[in-house]
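The values are calculated or read from the model by the stated rules, or taken from the named source; none is laboratory data. Quick caveat: nothing in here was measured; it's all calculated off a predicted structure. All Cβ positions, even for glycine, are placed from backbone atoms using ideal geometry, and neighbour counts span all protein chains on display.
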Amino acid sequence: MPDSLLFGTEVVLNGLMAGVLYALVALGFVLIYKASGIFNYAQGVMALFAAMTLYGIMVGQVPFSHLINAIFGTHIHHFGWEIPAILAIIVTVVVMVAFAWLVQQYIFRHLVGQEPIILFMATIGLAYFLEGVADLMWGSEIKALDVGLPQGGSFWIEENTQWLGMGNENFYGFFLDQLDLIATVIAAVLVIALVAFSQYTKQGRAMRAVADDHQAALSVGINLNFIWVLVWSVAGFVALVAGIVWGSKSGVQFSLSLIALKALPVLMLGGFTSIPGAIVGGLIIGVGEKLFEFALGPALGGATENWFAYVLALVFLVFRPQGLFGEKIIERV
Amino acid sequence: MKKTLSTLALGVAMAAGPAMADLVFPSLSYRTGPYAAGGIPFADGYADYFTLLNERDGGIGGVMTRLVECETGYNTEKGVECYESTKGEGALVYQPLSTGITYQLIPKVTADDIPMHTMGYGRTSAANGDVFSHVFNYPGNYWNGASGVVNYLLEANNGDINGKKISLVYHNSAYGKEPIRTLEELAKKHGFELSLLPVDHPGQEQKSQWLQIRRDRPDYVVMWGWGVMNQVAIQEAANIRFNMENFIGVWWSGAEHDVLSAGDKANGYKAVTFHNVGRDFPVFEDIQKYVVDTGKAAGAGDQIGNVLYNRGMYAAMLAAEAVKTAQEIHGTADITPAMMRDGMEALEITEEKMAGLGMPNFGPSFTVTCENHGGPGLVGVTQWDASSKTWSLISDFKPTDTEVIGALIAEDSGAFAAENNIESNCK
């Protein structure tokens with residue numbers, strides 16, 4: 001096989017994996033938008049907050065220790081114990097549920113019926129507030145998150161794909177990061193679980209009813225507040241998953257909140273209201289940007305991925321404003 | 001009448017300007033945002049050294065120091081706002097810790113007659129003091145860093161890197177692009193093949209770049225990164241099993257937090273430096289005793305000895321020594337920013353002086369002159385030991401290629417002088 005075909009295939013495979021990682025972030029946006037019409041600008045910061053909380057719980061860090069020490073002149077930083085990752089994840093989920101309740105109770109309950117732009121602005125405020133709280137609570141240093149996910153290229157895949165090169169000395173077998181492979185499995189399980197939840201559980205059906213029509217859902221006795229707390233909780237859980245995967249790659253640090261920028265073109269392409277759309281959008285963006293960089297990046301000076309993802313999404317927007325899987329926008333006069 | 005007198009008193013107070021009771025050092029820090037992990041230890045080191053001088057020595061020359069911290073978030077616009085809002089406090093010297101902010105401040109500090117020190121960053125050609133009267137970048141600049149990397153590779157290959165493939169992975173910004181011209185010149189001189197791999201801000205996703213490195217199999221990878229880009233690059237290098245011994249970064253890609261995330265796989269990674277690492281220096285005992293133990297540390301006191309803490313502390317020490325020089329030159333303890341500039345231009349750092357400050361062999365000896373604001377550009381190499389989680393200096397501070405760098409500085413600063421009608425500062 002020629003070099004370009006082999007390497008192109010490797011780029012496509014890695015693009016698919018990257019797309020899954022983008023989709024993990026986009027899923028959180030979709031869940032909240034679908035159920036409440038809110039474009040949650042804070043989704044990236046939620047991933048950061050969840051990952052920081054998980055790390056803090058795992059290593060037994062005292063929350064707000066810098067603040068406590070500054071006020072009381074103490075020198076406490078750690079409880080002196082460590083918690084296994086799985087238990088810490090459960091505790092973090094509880095924290096994210098509490099966060100969802102607080103958000104609903106103190107922000108969005110008071111904004112019911114407001115214009116979408118007002119709700120969007122509220123999420124901007126929430127993002128900056130949450131970032132500040134995360135800083136105060138857990139500190140700004142980079143945290144090396146290790147929940148036991150394997151990292152590095154898979155030897156097995158490399159060795160078992162080397163024959164495709166048919167003696168080509170430049171080909172060493174396909175490179176696929178084990179963490180990306182695990183993330184793909186996690187994303188698949190997450191999507192199946194979310195679809196099953198929304199299709200086959202009472203609460204899931206209530207969520208879908210609220211998403212379709214708030215007033216009608218209210219009229220049949222669905223508790224809107226509860227459903228919105230539930231939706232924010234699920235989005236918080238998705239943020240935790242995204243935070244774990246991205247945090248394992250680079251350490252948990254404040255730039256993690258910027259992964260939301262990677263989700264935007266995915267949403268533009270896949271649609272804001274479709275869970276499968278987030279996945280397919282992620283895959284298209286992932287493959288598209290990687291292939292473009294591989295084929296034309298060197299001629300254009302490189303670093304094309306960030307802007308090309310948006311160009312790709314814009315092209316789709318021109319032909320299909322609601323995204324690939326979004327609900328068609330119908331304005332009745 | 002009472003109101004008139006009050007207004008008059010306020011007017012007199014404002015006209016009198018800032019009180020000269022303190023030596024004011026603005027700290028344009030970034031403790032928040034995506035680059036906070038690097039900004040915090042530097043800011044802590046910078047602050048703690050001035051606190052040490054106040055607590056241990058009663059200030060500098062009998063005048064207390066005062067730190068005015070302003071959060072930039074590593075954002076150029078915020079950095080300029082910080083400059084404008086703090087310069088009226090009697091700021092003696094600015095150290096913006098950002099190449100973007102530095103470029104914006106160059107004309108401002110020159111017009112306002114306030115010196116700026118950009119140690120190991122900023123506009124490299126500012127080393128030409130004849131053109132950049134108020135900007136100093138001693139003891140080393142980016143091009144020294146690039147040359148230091150190449151010199152190290154020359155040493156590792158018995159002086160011959162002809163035909164070697166070297167990839168530069170760089171932050172796609174003004175900062176990251178700084179070494180390209182120098183490396184291109186050095187590639188011509190030494191015959192190595194240079195390939196450029198830009199990484200967009202913030203650098204969280206670098207799969208394409210590292211797949212290309214895996215395909216190209218360069219002999220060495222050089223990194224010019226900052227923030228999360230560093231951690232991701234080192235992790236990706238480990239993922240493709242690139243030999244860490246052949247991976248070397250600039251000094252902004254060589255701190256503890258850059259390598260810790262990758263764990264044991266980061267072992268052997270190297271970075272160039274213009275100052276020493278670790279906490280085995282007497283000055284840190286004093287900082288512990290007078291600053292940390294008394295609860296006056298800027299942070300939690302747990303950063304002492306870390307690479308970027310040391311750098312912040314070193315920057316503060318150089319500023320303090322320039323103050324002493326200025327006080328000697330002008331015969332007054334209450335110096336102005338203009339006097340501070342004179343002190344910086346006449347600064348002499350010797351090993352004897354460093355040892356006296358509790359920092360033996362912490363950095364190179366050098367002398368600043370009117371023509372040379374960049375110092376000697378001596379560069380050392382550090383290496384990460386993942387088992388002990390420490391950086392170690394594995395070479396002496398050695399000279400860089402002044403022939404190549406000098407010509408580039410002359411060319412760039414000459415163009416700047418022509419564009420801005422700048423006359424010689426050193427006539």
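Which condition breaks for B:Y152 when tested against (1) surrounded by 19 or more Cβ atoms within 10 Å (Cβ to Cβ); (2) outside the structural domain of B:G191 (by TED's automatic domain parsing)?
Among (1) surrounded by 19 or more Cβ atoms within 10 Å (Cβ to Cβ); (2) outside the structural domain of B:G191 (by TED's automatic domain parsing), the lone unmet condition for B:Y152 is (2).
Checking B:Q235 against (1) more than 14 Å from chain A (Cβ to nearest Cβ); (2) polar (S, T, N, Q); (3) over 16 Å from the mean Cα position of the chain (by Cα): exactly one of these is not met. Which one?
With (1) more than 14 Å from chain A (Cβ to nearest Cβ); (2) polar (S, T, N, Q); (3) over 16 Å from the mean Cα position of the chain (by Cα) applied to B:Q235, the lone miss is (1).
On the basis of being within 13 Å of chain B (Cβ to nearest Cβ), farther than 17 Å from A:W246 by Cβ and assigned to a helix (DSSP H, G or I), does A:V12 make the cut?
So A:V12 fits the description; yes.
Can you name the residue in the stretch A:284-312 that is facing another protein chain (nearest Cβ under 8 Å) and part of a loop (DSSP other than H, G, I, E, B) and, of all such residues, is surrounded by the most Cβ atoms within 10 Å (Cβ to Cβ)?
Per the criteria, the residue is A:A303.
Which residue pairs have Cβ atoms closer than 6 Å, lie 6 or more positions apart in sequence or on different chains, and pair a first residue in the stretch B:311-332 that is polar (S, T, N, Q) with a second residue that is in a helix (DSSP H, G or I)?
B:T325/B:G343
Looking for something in contact with a strand residue (DSSP E or B) (Cβ under 9 Å, 6 or more places away or on another chain), buried (at least 16 other Cβ atoms within 10 Å of the Cβ), in contact (Cβ under 8 Å) with a residue 60 or more places away in the chain and not assigned by TED's automatic domain parsing to the domain that holds B:V250 - is there at least one such residue anywhere in the stretch B:285-302?
The answer is yes; a qualifying residue exists.
Being assigned by TED's automatic domain parsing to the domain that holds B:I349, in contact with a Lys or Arg (Cβ under 9 Å, 6 or more places away or on another chain) and part of a helix (DSSP H, G or I) narrows it down to one residue among B:I106, B:I114; which is it?
B:I106
Return the residues of the stretch B:169-184 that are in contact (Cβ under 8 Å) with a residue 60 or more places away in the chain, surrounded by fewer than 20 Cβ atoms within 10 Å (Cβ to Cβ) and farther than 29 Å from A:V252 by Cα; say none if nothing qualifies.
B:R181, the sole residue that qualifies.
Exactly one condition in (1) closer than 30 Å to B:V109 by Cα; (2) part of a helix (DSSP H, G or I); (3) more than 14 Å from every other protein chain (Cβ to nearest Cβ); (4) touching a Phe, Trp or Tyr at 6+ places or on another chain (Cβ under 8 Å) is false for B:G176; which is it?
Unmet for B:G176, out of (1) closer than 30 Å to B:V109 by Cα; (2) part of a helix (DSSP H, G or I); (3) more than 14 Å from every other protein chain (Cβ to nearest Cβ); (4) touching a Phe, Trp or Tyr at 6+ places or on another chain (Cβ under 8 Å): (3).
Every residue in the stretch B:219-233 that is modelled with pLDDT under 95 and either part of a loop (DSSP other than H, G, I, E, B) or closer than 13 Å to B:F247 by Cβ (or both), please.
The answer is B:W226, B:G227.
From the residues in the stretch A:155-185 that are β-branched (V, I, T) and surrounded by 18 or more Cβ atoms within 10 Å (Cβ to Cβ), which one is nearest to A:T9 (Cα to Cα)?
It comes out as A:T161.
Could you give every pair whose Cβ atoms fall below 9 Å, whose first residue belongs to the stretch B:189-217 and is closer than 21 Å to A:Q178 by Cα and facing chain A (nearest Cβ under 7 Å), and whose second residue is crowded, with 24+ Cβ neighbours inside 10 Å and among the basic types (K, R), counting only separations of at least 6 or pairs across chains?
Here the result reads B:Q204/A:K249; B:Q204/A:K262; B:E205/A:K249; B:E205/A:K262; B:K207/A:K290; B:S208/A:K290; B:L211/A:K290, each pair linking the stretch B:189-217 to a residue that is crowded, with 24+ Cβ neighbours inside 10 Å and among the basic types (K, R).
Give the residue, chosen from B:G301, B:G254, that is small (G, A, S), within 23 Å of the chain's Cα centre (by Cα) and within 15 Å of B:S392 (Cα to Cα).
Result: B:G254 is the single residue among B:G301, B:G254 that is small (G, A, S), within 23 Å of the chain's Cα centre (by Cα) and within 15 Å of B:S392 (Cα to Cα).
Residue by residue, here is whether (1) in the same structural domain as B:G61 (by TED's automatic domain parsing); (2) among the aromatic types (F, W, Y); (3) surrounded by 17 or more Cβ atoms within 10 Å (Cβ to Cβ) holds:
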site	(1), (2), (3)
B:P360	yes, no, no
B:V368	yes, no, yes
B:D385	no, no, no
B:S388	no, no, no
B:W391	no, yes, yes
B:I394	no, no, no
B:T400	no, no, yes
B:N420	no, no, no
B:K427	no, no, no
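For every residue, the table says whether it meets (1) under 30 Å from A:F108 (Cβ atoms); (2) part of a helix (DSSP H, G or I); (3) in contact with a Leu (Cβ under 7 Å, 6 or more places away or on another chain); (4) within 14 Å of another protein chain (Cβ to nearest Cβ).
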residue: A:F197; (1), (2), (3), (4): yes, yes, no, no
residue: A:A211; (1), (2), (3), (4): yes, yes, no, no
residue: A:I227; (1), (2), (3), (4): yes, yes, no, no
residue: A:L261; (1), (2), (3), (4): yes, yes, no, yes
residue: A:M268; (1), (2), (3), (4): yes, yes, yes, no
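Go through the stretch A:153-195 and count every residue that is within 11 Å of chain B (Cβ to nearest Cβ) and more than 18 Å from A:K249 (Cβ to Cβ).
8
Does the stretch A:246-256 contain any residue that is farther than 22 Å from B:W210 by Cβ, within 14 Å of another protein chain (Cβ to nearest Cβ), part of a helix (DSSP H, G or I) and among the hydrophobic types (A, V, I, L, M, F, W, C)?
Within the stretch A:246-256 (the criterion being farther than 22 Å from B:W210 by Cβ, within 14 Å of another protein chain (Cβ to nearest Cβ), part of a helix (DSSP H, G or I) and among the hydrophobic types (A, V, I, L, M, F, W, C)), the answer is yes, since at least one residue qualifies.
Being more than 12 Å from every other protein chain (Cβ to nearest Cβ), in contact with a Leu (Cβ under 6 Å, 6 or more places away or on another chain) and at pLDDT 95 or above narrows it down to one residue among A:A26, A:A50; which is it?
Residue meeting the stated conditions: A:A50.
How many residues does the stretch B:36-52 contain that are crowded, with 24+ Cβ neighbours inside 10 Å and either at the interface with another protein chain (Cβ under 9 Å from one of its Cβ atoms) or hydroxyl-bearing (S, T, Y) (or both)?
7
For the structure I just gave you, tell me whether A:P116 is more than 20 Å from the chain's Cα centre (by Cα), closer than 27 Å to B:K265 by Cβ and away from chain B (no Cβ under 14 Å).
no
Are any of the residues in the stretch B:245-255 under 21 Å from B:Y314 (Cβ atoms), facing another protein chain (nearest Cβ under 10 Å) and touching a residue at least 24 places away in the same chain (Cβ under 8 Å)?
Looking for residues that are under 21 Å from B:Y314 (Cβ atoms), facing another protein chain (nearest Cβ under 10 Å) and touching a residue at least 24 places away in the same chain (Cβ under 8 Å), one finds at least one in the stretch B:245-255, hence yes.
Just give me the residues in the stretch A:67-109 being in contact with a Phe, Trp or Tyr (Cβ under 6 Å, 6 or more places away or on another chain) and within 14 Å of chain B (Cβ to nearest Cβ), in sequence order.
none
Residues that are touching a Lys or Arg at 6+ places or on another chain (Cβ under 8 Å) and either away from chain A (no Cβ under 14 Å) or within 25 Å of B:G61 (Cα to Cα) (or both): list the helices (runs of 4 or more DSSP H) wholly contained in the stretch B:258-364 that include at least 1 such residues.
It comes to B:282-286, B:307-330, B:337-345.
One line per residue, one yes/no per condition, for (1) acidic (D, E); (2) within 24 Å of B:R123 (Cα to Cα):
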{"residue": "B:P364", "(1), (2)": "no, yes"}
{"residue": "B:V379", "(1), (2)": "no, yes"}
{"residue": "B:K389", "(1), (2)": "no, no"}
{"residue": "B:E403", "(1), (2)": "yes, yes"}
{"residue": "B:G414", "(1), (2)": "no, yes"}
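Would it be correct to say that B:G380 is among the small types (G, A, S) and part of a loop (DSSP other than H, G, I, E, B)?
no
Please go through the stretch A:50-66 and give me each residue that is touching a Phe, Trp or Tyr at 6+ places or on another chain (Cβ under 8 Å), over 16 Å from A:A98 (Cα atoms) and part of a helix (DSSP H, G or I), ordered by number.
A:Y55, A:G56 - these are the residues of the stretch A:50-66 that are touching a Phe, Trp or Tyr at 6+ places or on another chain (Cβ under 8 Å), over 16 Å from A:A98 (Cα atoms) and part of a helix (DSSP H, G or I).
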